[in-house]
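> I have a structure here, written as structure tokens, and I will follow up with some questions on it.
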């Protein structure tokens, strides 16, 4: 389960340099924007709290002045003053006189509401006296009661409370302050907090800030993507040149341009290409010289052996010369077969496999079977690939009598399995058989070079050649060529 989860995580991580750079940039931008937004939001809330408390103190000062004014009026004048205020459109507060405090459903307590209520109460008690009997709460407009009879805000004439309690289309909480100014006489003051502090809830990140984060992230990712794509072009050219160089193709020197690191890598690759080309040329000349120099003395020694009168010595010398000639031919064949000078082209592997299999199926179609097909051509050296697959097929028929080829193609690699029906290979010798001149059976003809040559050709194409014994018997040799 853990392995499966780990594989899913690896699939989510982009494999390209561009994808990883964009992912890291996105994470860095989101982290930086998140931290800066948290800092900005905390400062915004602190400044809003300071402004809210300042507005609450100002509102409490006005309340205290109104209470002092109504206290100074004779009892008979207080209703007349209220009627005049209502007919004039009201004041900052909706004011009424009740014989007792009204019971209403108050809003749940929050830090901002608690701070405002504490600030208003503190100012009122400082101005009106610490012993004053008062009740301060925040009430929803839907639950607001105005008079002793329980009249709601919607039942009042619009002109009475429009100025003090109207803030359409919003429905902010109403600050209700009830203060006893005489026995059985409570002054009722209802008001909204001044804008922009009408809402007392902690606001989240504003929509403008979210859009700012989205737009800055998008533009930054766009510019980073263009920059990485621009800088990665030399790397792609380098990878292409390295692939062609591994196949022995003629590679033009890379243009040394771009960032300083890219220039340094391109310069190092060009120097390496020159050294490899010089080495291959010198190696070819060396083996040509060896071939020429060895054949002449071996031929001369054979002529001298023929002149010997002692037949026993003649047989011994002949046997030694045969072994020497076998070693020379094997070494030269190994170099010749693995150093195939071909141009890289798109190889139709399906057609190539048909041409390889056709001669073996001429007499017995069950001797060699072919299953599966390649979905697209493969860029490589056709003659080298034909020699590689042919060696694998010959080896399978030599030791297993029958061969079964299975082709598996995907976006990542082209895989060819060559199965035989032979005795297999001892586990401890699975790697040893790829070495030159190693043969499992002394009765079979050959130099023991086929598998080694096939592996060298696979390596030249950036692939791999491996083998394993099948559970049902026989050997499976797998050729993997990356796409």
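The values are calculated or read from the model by the stated rules, or taken from the named source; none is laboratory data. Keep in mind the model is a prediction, meaning the values are calculated, not measured. All Cβ positions, even for glycine, are placed from backbone atoms using ideal geometry, and neighbour counts span all protein chains on display.
> Given the condition on the phi < 0 side of the Ramachandran plot and at pLDDT below 80, answer yes or no: does some residue in the range 69-76 qualify?
First pass over the range 69-76, keeping only residues on the phi < 0 side of the Ramachandran plot: 69-76.
Narrowing the set further to residues that are at pLDDT below 80 leaves 75-76.
Within the range 69-76 (the criterion being on the phi < 0 side of the Ramachandran plot and at pLDDT below 80), the answer is yes, since at least one residue qualifies.
> Oh, and also: Checking residue 37 against (1) closer than 16 Å to residue 123 by Cα; (2) surrounded by 14 or more Cβ atoms within 10 Å (Cβ to Cβ), only one condition comes out false. Which one?
Only one criterion is unmet by residue 37, namely (1).
> Then there is this: Looking for something out of contact with any helix residue (DSSP H, G or I) (no Cβ under 7 Å at 6 or more places or on another chain), part of a loop (DSSP other than H, G, I, E, B) and either over 13 Å from residue 174 (Cα atoms) or not assigned by TED's automatic domain parsing to the domain that holds residue 45 (or both) - is there at least one such residue anywhere in the range 114-129?
Restricting attention to the range 114-129, the residues satisfying the condition of being out of contact with any helix residue (DSSP H, G or I) (no Cβ under 7 Å at 6 or more places or on another chain) are 114, 117-118, 121-122, 125-126, 129.
In the following step, the residues that additionally are part of a loop (DSSP other than H, G, I, E, B) were identified as 129.
Narrowing further to those that are either over 13 Å from residue 174 (Cα atoms) or not assigned by TED's automatic domain parsing to the domain that holds residue 45 (or both): 129.
Yes, the range 114-129 contains a residue that is out of contact with any helix residue (DSSP H, G or I) (no Cβ under 7 Å at 6 or more places or on another chain), part of a loop (DSSP other than H, G, I, E, B) and either over 13 Å from residue 174 (Cα atoms) or not assigned by TED's automatic domain parsing to the domain that holds residue 45 (or both).
> Can we say residue 300 is surrounded by fewer than 16 Cβ atoms within 10 Å (Cβ to Cβ) and either in a loop (DSSP other than H, G, I, E, B) or at pLDDT 80 or above (or both)?
On the way: surrounded by fewer than 16 Cβ atoms within 10 Å (Cβ to Cβ): yes; either in a loop (DSSP other than H, G, I, E, B) or at pLDDT 80 or above (or both): no.
No, not satisfied.
> Does residue 444 meet the test of being under 25 Å from residue 366 (Cα atoms), at pLDDT below 85 and loosely packed, with under 15 Cβ neighbours inside 10 Å? Even if it seems obvious, please write down each step before you answer.
Details: under 25 Å from residue 366 (Cα atoms): yes; at pLDDT below 85: yes; loosely packed, with under 15 Cβ neighbours inside 10 Å: yes.
Against the criterion (under 25 Å from residue 366 (Cα atoms), at pLDDT below 85 and loosely packed, with under 15 Cβ neighbours inside 10 Å), residue 444 qualifies.
> Are there any pairs with C-beta distances below 6 angstrom linking a residue in the range 269-291 that is within 23 Å of residue 237 (Cα to Cα) and assigned by TED's automatic domain parsing to the domain that holds residue 324 to a residue that is modelled with pLDDT under 70 and not in a helix (DSSP H, G or I), with the two at least 6 apart or on different chains, and if so which?
Partner pairs satisfying both residue conditions: 273/251.
> Does the range 375-399 hold any residues that are touching a strand residue (DSSP E or B) at 6+ places or on another chain (Cβ under 8 Å) and more than 17 Å from residue 465 (Cβ to Cβ), and which are they?
Of everything in the range 375-399, those that are touching a strand residue (DSSP E or B) at 6+ places or on another chain (Cβ under 8 Å) and more than 17 Å from residue 465 (Cβ to Cβ) turn out to be 375, 376, 377, 379, 382, 397.
> Among the candidates 210, 153, 165, 144, single out the residue that is loosely packed, with under 15 Cβ neighbours inside 10 Å, touching a helix residue (DSSP H, G or I) at 6+ places or on another chain (Cβ under 9 Å) and at pLDDT below 80. Explain how you work it out, then say what you get.
Working: 153 fails: loosely packed, with under 15 Cβ neighbours inside 10 Å; 165 fails: loosely packed, with under 15 Cβ neighbours inside 10 Å; 144 fails: loosely packed, with under 15 Cβ neighbours inside 10 Å.
One residue alone meets the criteria, 210.
> Regarding residue 43, is this residue buried (at least 17 other Cβ atoms within 10 Å of the Cβ), assigned by TED's automatic domain parsing to the domain that holds residue 187 and either assigned to a helix (DSSP H, G or I) or touching a residue at least 12 places away in the same chain (Cβ under 8 Å) (or both)? Working first, answer last.
Working: buried (at least 17 other Cβ atoms within 10 Å of the Cβ): no; assigned by TED's automatic domain parsing to the domain that holds residue 187: yes; either assigned to a helix (DSSP H, G or I) or touching a residue at least 12 places away in the same chain (Cβ under 8 Å) (or both): yes.
The answer is no for residue 43.
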